[in-house]
Structures are given as structure tokens and as C-alpha cells.
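Everything below concerns the one structure shown next.
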Amino acid sequence: MARRKNIVIIEDDEDCRLLLSYWLERKKWHYLIHNYSNLKDAFEFIEVTCKDKIEYWPDLILLDLYLPDGYGLDFLDKLMPYCPENPRPKIFIITSSDKMEDVKHASGYDIDAYIKKPLKVKVLDKIFAKYFEEDKLVK
């Protein structure tokens, strides 16, 4: 049996997390959604659960930039050392930031998509079609 795909959402805005989860579940793509409101809990999931259990390793990370316990890209600094033995997840930044330095900083991390808030279903549909239908993440 094929491994179920995993999506990790790291977003402190509960409404945004719920919207993303609902939108993803509505697609019926049969993957597991792991929601976190801060970097500490999300990294603990990676370190404790994913490190030794590849079936939970994220295929996609939806990452807010500004969280109560730090800057989202700092999470990627901690995640990347685990990637040589695990596949690099797709990374979508989700932010309301208009700062050019955030876009510039994110570009140094090989980000797959940079999504501006407020979230729009048409934008999510377009981005997911571009990145995942061809990769069969949605199957």
C-alpha cells in the first residue's frame, strides 16, 4: 500500500488554519493534515514523529512567516539538515507581509510558492494544480 501524503500547516491565525484545512479536506486527496500554531510544536512533530517514521514526513509545508515564537524561515533552517535522508518537502509561504526583504529572504530557501493573505480559493486552486497534479501528490 502506498504511503499517505502529509501536509504540515504552520499558521498562528486559527481562521487561516481552518480555511486551509477545510479547503484541503474538500479536495478529497486523501492525505493527512497536521496543524500547528507555532514553530516549536511543528518542529517537535518533525523531530519526534517524522525523524524515525518516514510515513509522517511532510510532502508539503504551508508556512506563515510571522509566528508568535519566531520567524517561519528559521523553521526551514532547522528542517533542512533532515532533508538529506528524507525527501525535501514542497514549501509554500503564506503571509500578509508586504516587506520586500521577506520575499528576498524567502527566495534564498528554494520556496515553491509565495501566497499572499488574505487567502483566495482561486489562487490556492491554481497553485495546487501547478505544483501537485503533475507530481501526483493529489492522488
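Each reported figure results from applying straightforward, stated rules to the coordinates on display, with no laboratory input. Since the structure is predicted, the reported quantities are computational estimates derived from the model, not experimental observations. Cβ sites come from the backbone with ideal geometry, for glycine too, and all protein chains shown count toward neighbours.
Observations
- Cα pair count fraction exceeding 17 Å, expressed as % - region 15-59: 42
- Fraction of antiparallel bridges per DSSP, the chain only, in percent to nearest 5: 10
- Expected 222 nm ellipticity per residue - DSSP helices of 4 or more, -39500 (n - 2.57), all of the chain, to 500: -8500 deg cm²/dmol
- For the chain, the spread of Cα coordinates along the three principal axes comes to 44, 33, 26 Å, biggest extent given first.
- In this structure, the pairs whose alpha-carbon distance is over 29 Å, taken from Lys5/Lys122; Lys53/Lys104; Lys5/Lys126; Lys53/Lys90; Lys40/Lys122, are Lys53/Lys104; Lys40/Lys122.
- Among Val103, Pro58, Tyr22 - extreme Cα towards positive end, dipole of the chain, charges at beta-carbon: Tyr22
- Computed about its Cα centre, the charge dipole of region 1-74 is approximately 640 debye, with only Lys, Arg, Asp and Glu carrying charge at their Cβ.
- Among Leu73, Leu63, Leu18, the largest mean-square fluctuation in a Gaussian network model of the chain (Cα springs under 10 Å) belongs to Leu18.
- Using Cβ point charges alone (K and R +1, D and E -1), the dipole size of region 42-123 about the Cα centre works out to roughly 440 debye.
- Measuring nothing but how far apart in sequence close Cα pairs (under 8 Å, 6+ apart) lie, relative to its length, the chain scores a relative contact order of 24 percent.
- Radius of gyration, Dmax [region 63-129; alpha carbons; angstrom]: 12.6, 35
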